[in-house]
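J.: Here it is, the structure, as C-alpha cells.
The values are calculated or read from the model by the stated rules, or taken from the named source; none is laboratory data. In this text, all values refer to a predicted model and were calculated from it rather than measured experimentally. Note that each Cβ is placed from the backbone with ideal geometry, even for glycine, and that neighbours are counted across all protein chains shown. Accessible surface areas use protein heavy atoms only, side chains included; no ligands, DNA or RNA. Shrake-Rupley method; radii C 1.70, N 1.55, O 1.52, S 1.80 Å.
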Amino acid sequence: QVQLVESGGDLVQAGGSLRLSCAASGSIFGVNAVRWYRRAPGKQRELVAAILSGGSTNYADSVKGRFTVSRDNAKNTVYLQINSLKPEDTAVYYCNAEVMSSDYLTYSYWGQGTQVTVSS
C-alpha cells in the first residue's frame, strides 16, 4: 500500500555533504512522523533524526548541528541534509514513516536503506 524509497547515499570524503531523500508512494491520508535511523556494521540501530506532524524536529546528540531533517509534503518526500560528514557517520540509513490511513489506522513502514560511506 505504501512504499518508501531512500536515495542519495554515496561514498564521500570527510567534511563533505549529502542529502538523503525518503520518497513515499501509495495511499497516504496523513503522516504522523518520519524518522531517520542508521546502522553501522556491528552496532545497534540508532535513531538519528525525526520530524513530527507539527513540524518539530529532534536529533541525536552525535549529529546535532550537522544534520537537518525537512519535508516537502507536495512531493511526499522527507530529506536528511548531512553536512560536515565524519567517518563515524558511515552506515546504512533508513527512513521509517508512521502513516495514518483514511480509516484512521496507523501503520509503520520502512525503506530499503541507502549506504553512506565516509572516507578519511
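J.: With a 1.4 Å probe and all protein chains kept in place, how much accessible area does K64 have, in Å² rounded to the nearest 10?
T.: Approximately 120 Å² for this residue.
J.: Need one number: nm distance between label points at R39 and K75, each 7 Å from Cα along Cα→Cβ, rounded to one decimal.
T.: About 2.8 nm separates the two model spin labels.
J.: Can you give me the distance in nm between label points at E46 and N58, each placed 7 Å from the Cα along the Cα-to-Cβ direction?
T.: Rounded to a tenth, the inter-label distance reads 1.7 nm.
J.: Looking only at segment 64-88, which residues have a backbone nitrogen under 14 Å from a spot 7 Å from the Cα of S25 in the C-beta direction?
T.: Flagged as within label range: 76-77.
J.: Less than 15 Å Cβ to Cβ from N32, Lys/Arg counted +1 and Asp/Glu -1: what total charge do the surrounding residues give?
T.: So the environment of N32 carries a net charge of 0.
J.: Shifting gears a bit: Mind checking which lysines have their C-alpha under 22 Å from K86, skipping anything on the same chain fewer than 8 residues away?
T.: Cross-link targets: K43, K64.
J.: Moving on to the next point. Net charge near T57: determine it from the other residues with C-beta under 11 Å of the C-beta of T57, scoring Lys and Arg +1 and Asp and Glu -1.
T.: +3
J.: Leaving out ligands and nucleic acids, note down the accessible area per residue over the chain with a 1.4 angstrom probe, in whole Å².
T.: So the chain comes to 54 Å² accessible per residue, rounded to a whole number.
J.: Taking only Cα atoms and a 10 Å spring cutoff, compute GNM fluctuations for the chain and point out the largest among T77, T90, T106.
T.: It is T106.
J.: Count charges around G16 for me, please; just the other residues with Cβ under 15 Å from its Cβ, Lys/Arg as +1, Asp/Glu as -1.
T.: So the environment of G16 carries a net charge of 0.
J.: Express the carbon and sulfur contribution to the solvent-accessible surface of the chain as a percent, rounded to the nearest whole number, probe 1.4 angstrom.
T.: Numbers: 3000 of 6520 Å².
Roughly 46 percent, rounded to a whole number.
J.: Given a 10 angstrom Cα cut-off, can you work out which residue in N73, N32, N83 is the most mobile in a GNM of the chain?
T.: Largest GNM mean-square fluctuation: N73.
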